[in-house]
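See structure below.
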Amino acid sequence: MEEKDIKEAPVEQVEKVTKKKKENALQKKIEELDDKLSREHDSYVRLYAEFETYRRRSAEEKLALVNSAAADTIKGMLPVLDDCERAIKILENSSDSAAKEGTTLIYNKLTEYLKSRGLTPIDAMGKKFDTDFHEAVTQFPAPSEELKGMVIDVVQTGYLLNGKILRYAKVVVGA
């Protein structure tokens, strides 16, 4: 039996070594596949994040485009609003009540519609001159010391659209 044990010992050792090599090769393959899986997962997460950023940015751009178009449309309606204000001032001294009533009705409907879209007039009369909201057309000698640097007259009404300047108020400032 001793001879048999001697003959089998090298075979068993060879099998053990072969088995160890196979295990090492399989372990190496598992590590490679784990690394590859990690890289693929990382790539997927990055791609997903880029897509989400793209989707958010395109939605913001679309909203900005709609707001810009609305701002352009409302800005184009401001001269009509100015003309209605002038017509109401002229018709105050007129005896034609139907013209006054019709013009006031049109003016009120237009202003209500524009207010519903976020348009608000800039209240400038009697306020301190502020370059963030006012554009000085001219300076006029102030009748009193308190009116220096104040808005004495409003030549053209300014407007804000959703809190942003759409048109500066053109004013006369006391000097």
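Please treat every number below as a calculation from the coordinates, not as lab data. Computed from a prediction, not measured in an experiment: that's the story for all the values here. Positions of Cβ are backbone-derived with ideal geometry, glycine not excepted, and every protein chain shown enters the neighbour counts.
Some notes on this structure:
- For the stretch 119-175, alpha-carbon Rg relative to the globular expectation (2.2 N^0.38 Å, N residues): 1.09
- Note on the stretch 1-94: Kirkwood hydrodynamic radius from all Cα pairs is 21.7 Å, rounded to one decimal.
- The stretch 39-154: C-alpha pair distances exceeding 22 Å, %: 63 percent
- The stretch 119-175: antiparallel DSSP beta bridges as a percent of all, rounded to 5: 65 percent
- Projected-area mean, the stretch 73-125, by convex hull of Cα positions, square nanometres: 4.1 nm²
- Above-threshold pairs, the threshold being 27 Å between Cα atoms, out of LYS36/LYS62; LYS62/LYS115; LYS109/LYS148; LYS100/LYS128: LYS36/LYS62; LYS109/LYS148; LYS100/LYS128
- Net charge in the neighbourhood of GLU52 (other residues with Cβ under 14 Å of its Cβ; Lys, Arg +1, Asp, Glu -1) is +2.
- Helix 2-91 axis, angle to the chain major axis (alpha carbon atoms, nearest 10°): 10 degrees
- The chain - share of DSSP beta bridges that are antiparallel (%, nearest 5): 65 percent
- For the peptides 116-125, 84-93, residues were scored by their other Cβ atoms within 10 Å and the scores averaged per peptide; the highest-first order is 116-125, 84-93.
- Contact order normalised by residue count of the chain, Cα under 8 Å, 6+ apart, percent: 16 percent
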